[in-house]
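S.K.: One structure, pasted below without further comment.
The values are calculated or read from the model by the stated rules, or taken from the named source; none is laboratory data. Everything quoted here is computed from the prediction, not taken from an experiment. So basically every Cβ, Gly included, is an ideal-geometry build from the backbone, and we count neighbours across all protein chains shown.
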Amino acid sequence: MSPAPADIHQLLAQVGMRATPPRVAIWQVLNESSDELDAVALLRRAQVIEARTSLGTVYRFLRELEQHGLASSRAVAHERSRWRLGSPSESTPAQPQAMAAVARLAAAFGYRLVRAT
């Protein structure tokens, strides 16, 4: 569960970041979004809230959030990465059949999958 928008100022201060209007707008869009957004879609929605938001700010802020475990990205083939609040461990678990297929593929190339602790 992500913090309420009012708590974003305190949360960012705890991790050593300033809560500038563009950052708050980006956070608000991520917090209110029901789907994962790419940086350009995130920029467009954030600019409705704070017109001074730039694409550079979006990317820098997303990377900072990711470094602090507050956001995560998911690569999408032939498209931009998708972003959401929360860490990857909070995402839904992969289907057992898909994981078994990946394990078989890895084994075919001499690798063994292990669970990170």
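S.K.: Quick check on my filter: what residues within region 11-27 are surrounded by 15 or more Cβ atoms within 10 Å (Cβ to Cβ), part of a helix (DSSP H, G or I) and hydrophobic (A, V, I, L, M, F, W, C)? So that I can check it myself, show each step before the final result.
M.R.: Keep residues of region 11-27 that are surrounded by 15 or more Cβ atoms within 10 Å (Cβ to Cβ), which gives 11-12, 17, 20, 22-27.
Okay, now just the ones that are also part of a helix (DSSP H, G or I), so 11-12, 22-27.
Once the filter is applied, which keeps residues that are surrounded by 15 or more Cβ atoms within 10 Å (Cβ to Cβ), part of a helix (DSSP H, G or I) and hydrophobic (A, V, I, L, M, F, W, C), region 11-27 yields LEU11, LEU12, VAL24, ALA25, ILE26, TRP27.
S.K.: Among the residues of region 24-54, write down those that are touching a residue at least 24 places away in the same chain (Cβ under 8 Å) and farther than 24 Å from GLU79 by Cα.
M.R.: Matches in region 24-54: VAL24, ILE49, GLU50, ARG52.
S.K.: Follow-up question, since we're still on this one. What helices (runs of 4 or more DSSP H), lying completely within region 28-113, carry at least 1 residues that are modelled with pLDDT of 95 or more and closer than 20 Å to ILE8 by Cβ?
M.R.: On the way: elements: 39-49, 55-67, 96-108.
Correct list: 39-49, 55-67.
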